[in-house]
1. Starting from the Kirkwood radius over alpha-carbon pairs of segment 267-379, derive D by Stokes-Einstein at 10 °C in a medium of 1.306 mPa s and give it in µm² s⁻¹.
2. How far, in nm, would the chain grow between residue 302 and residue 286 when pulled straight, counting 0.36 nm per residue and subtracting the alpha carbon separation?
3. For segment 227-285, state the semi-axes of the equivalent ellipsoid (square roots of 5 times the eigenvalues of the alpha-carbon gyration tensor), sorted largest first and rounded to whole angstrom.
4. Using only the Cα atoms of segment 135-272, build the gyration tensor, take square roots of its eigenvalues as a ≥ b ≥ c, and label the shape rounded, prolate or oblate: rounded if a/c is under 1.5, else prolate if a/b is larger than b/c, else oblate.
5. For a protection proxy built on the mean count of beta-carbon atoms within 10 angstrom, sort 136-146, 339-349, 232-242, 309-319 highest first, please.
6. Working out 0.36 nm times the residue gap between residue 45 and residue 14, then minus their Cα-Cα distance, what length gain in nm do you get to one decimal?
């Protein structure tokens with residue numbers, strides 16, 4: 001089932017400003033908030049959809065990627081629910097409540113939503129581990145088909161045998177309330193707990209090989225499913241494969257994967273189209289020939305008609321790269337280059353000297369022979 005458009009979820013147009021995006025999210029969050037709609041699974045689902053849409057559209061970089069690639073820019077084959085996917089899917093309620101400090105001016109996830117009663121009590125703090133970033137290099141053939149890459153990463157994980165207990169200073173909220181006397185009266189502010197650093201928990205049993213937070217560095221192999229058609233510079237996200245955070249209620253960070261494209265020896269990429277320079281000798285151009293060409297999807301045999309001019313472009317429809325936006329597949333463009341011999345023996349030279357005044361050897365372009373600029377125009381059409 002196709003995912004609903006993020007702009008549609010928030011009731012916005014694609015030209016919406018950040019202020020309009022924030023306003024749209026606030027409206028939907030209030031409408032579908034669980035405290036306002038108890039035991040309503042449909043409302044909870046809409047609440048999560050609005051939060052996921054806001055997470056993407058409120059970030060300029062993510063918004064630009066969504067505008068260019070749609071859901072495909074975030075939802076790879078690992079996407080969807082759960083923590084192993086790309087993109088914003090799989091958000092839990094704690095992730096969502098952590099956004100409210102920005103939208104409603106509160107202190108983040110610590111105080112809940114507030115204002116509706118029932119759900120505004122003190123919420124258990126959940127700390128997220130730091131993200132990790134790696135680069136993955138892909139060949140043009142791997143980009144054409146999509147690929148599963150197994151990469152080794154060294155990430156921080158909770159040590160075996162470590163245990164945590166609720167912080168007695170903040171009672172698990174991760175925040176301390178401070179009252180300050182000002183000329184306007186008493187002002188209450190929330191600050192990060194100095195004892196647990198906002199985690200809501202402190203270590204109660206630390207194994208010998210663990211650091212002060214109960215974490216150790218461990219090498220793991222992570223499987224990354226990369227969708228076909230990705231481009232240089234695209235960043236994919238594998239949820240939950242970054243560093244762990246301390247505490248039994250913590251959330252692991254994400255593994256951010258930056259795509260790099262390995263230049264091909266003979267093929268050149270231009271969007272979803274691929275260009276290839278095919279060289280034929282003078283005799284082949286005059287008499288015609290057949291050639292076998294390697295494309296990203298396999299070998300293809302092409303026919304070159306007799307009298308083919310240098311610079312002619314043959315277009316193989318649908319033999320290029322798939323669009324990550326699922327808008328079809330590009331073309332494979334073959335540029336014919338007639339190789340002019342640099343050295344001739346006596347017999348060959350006499351032949352060409354004899355043919356220099358022959359009518360068949362005189363340039364006589366007709367309307368069907370396009371100029372260089374027309375050929376360039378056709379390439380991008």
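1. Values: Rh = 16.1 Å.
After rounding, the answer is 99 µm²/s.
2. Residue separation times 0.36 nm, minus the Cα-Cα distance, leaves 4.2 nm.
3. Numbers: eigenvalues 432, 16, 8 Å².
Working from the Cα gyration tensor, I get semi-axes of 46, 9, 6 Å.
4. Working: a/c = 4.70, a/b = 1.99, b/c = 2.36.
Oblate shape, in that a/c is at least 1.5 and b/c is the bigger or equal ratio.
5. Numbers: 136-146: 17.1, 339-349: 9.1, 232-242: 19.4, 309-319: 14.5.
Put in order of decreasing packing, that is 232-242, 136-146, 309-319, 339-349.
6. Working: separation 31, 0.36 × 31 = 11.16 nm, distance 2.26 nm.
In short, 8.9 nm is gained.
Laboratory data are not the source of any read-out in this text; all were calculated from the coordinates shown. As the structure is a prediction and not an experimental result, all values here were calculated from the model. Cβ: placed from backbone, ideal geometry, glycine included. Neighbour counts: every protein chain shown.
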